[in-house]
Structures are given as C-alpha cells and as structure tokens.
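Here is the structure we will look at, set down as structure tokens.
The values are calculated or read from the model by the stated rules, or taken from the named source; none is laboratory data. The structure displayed is predicted, hence computed values, not measured ones. Cβ coordinates were reconstructed from backbone atoms using ideal geometry, including for glycine residues, and neighbour counts include every protein chain displayed.
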Amino acid sequence: MFCGPWLPIYGVGSLLISLFSKYQKFPLVIFSLSFIVSAFLEGLSGFLLLKIFKIRLWDYTNRFFNIGGFVCFLSAFIFGLGGLLITYIINPLIKKLTLKFNNELKYILSFLSLIFTLDLIASLNK
C-alpha cells in the first residue's frame, strides 16, 4: 500500500494510547485500555482494508481467541504491553527530546509529514 516505511495503524494506535497518560498512576488501567483500544483499531482496520481495498494484510484465523482473523488475544496482549512502553518510556523520552531539540524537531517532523502526505497521495492514486 504505502511505499514508505510506515504503517498508519501504529501511529494512530500510539496517539490514542498517548491519550491515556492521565491514568499513568494506574498501570493496569493503561494496559487494559491499550489492549481494548488496540484490538478494536486492529479489527476495524483489518475489516475495512478487506471490504474497501480487497486486501488482507494479516490473518489471525488460526490464533487463540481470534475475531474474524482480524484480531487475536496475543496481538491485543502485545499491544497492551506496548501501551505500557509508550506511557512509561517512549512518551517521557519524546518530551525530553522535544524540550532539548524543539526547533530541529519541528523541521524534521514537517519534512516527514510532507513525505508521508505525498506517499499517501501516491498510494491512493494507484
């Protein structure tokens, strides 16, 4: 689909998980919300990709507790752990880097956003 090295589902999931930072004192809440939201996002994305573009990028049909092959317990569990990683390690690191390299990051992120947008347009035109 995309030519570049990105998968929008991970970015969207990470941004959604970042919204849970107000529950930072409760790791079990972070894990549970990340588990549920990521499973929903993965299931919805897989379903829409199949219905709209007629492609299936992953298939969990043979996995434990799968729903239509779009999501399974193991993937949701791993994304729950990822939510903990995002909340307690990645986001604090990004905040520190943002404060330290504020101007440089603006240019880098603007450039990456431009490349991503061009890639999105090219991918949709295929």
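Of the residues L109, L114, L49, only one is over 24 Å from Q24 (Cα atoms), surrounded by 13 or more Cβ atoms within 10 Å (Cβ to Cβ) and modelled with pLDDT under 95; which?
L49
Does N62 count as assigned to a helix (DSSP H, G or I), surrounded by fewer than 13 Cβ atoms within 10 Å (Cβ to Cβ), more than 18 Å from the chain's Cα centre (by Cα) and not acidic (D, E)?
Spelling it out, it is not the case that N62 is assigned to a helix (DSSP H, G or I), surrounded by fewer than 13 Cβ atoms within 10 Å (Cβ to Cβ), more than 18 Å from the chain's Cα centre (by Cα) and not acidic (D, E).
Restricting the search to the stretch 37-89, which residues are among the β-branched types (V, I, T) and farther than 27 Å from L19 by Cα?
I52, I55, T61, listed by residue number.
May I ask you to say which residue of G82, G43, G13 is among the small types (G, A, S) and without any contact (Cβ under 8 Å) to a residue 40 or more places away in the chain?
Exactly one of G82, G43, G13 is among the small types (G, A, S) and without any contact (Cβ under 8 Å) to a residue 40 or more places away in the chain, namely G43.
For V37, which of the numbered conditions (1) within 25 Å of D119 (Cβ to Cβ); (2) of a type in the set (A, V, I, L, M); (3) part of a helix (DSSP H, G or I) fails to hold?
It is condition (1) that V37 fails.
Taking the stretch 65-75 as the search range and keeping residues that are assigned to a helix (DSSP H, G or I) and free of Cβ contacts under 8 Å to residues at least 24 places away in the same chain, which one is surrounded by the fewest Cβ atoms within 10 Å (Cβ to Cβ)?
L74
Only residues that are out of contact with any helix residue (DSSP H, G or I) (no Cβ under 9 Å at 6 or more places or on another chain) and within 23 Å of W58 (Cα to Cα): list them for the stretch 86-120, please.
If the condition is that a residue be out of contact with any helix residue (DSSP H, G or I) (no Cβ under 9 Å at 6 or more places or on another chain) and within 23 Å of W58 (Cα to Cα), then D119 is the only one that fits.
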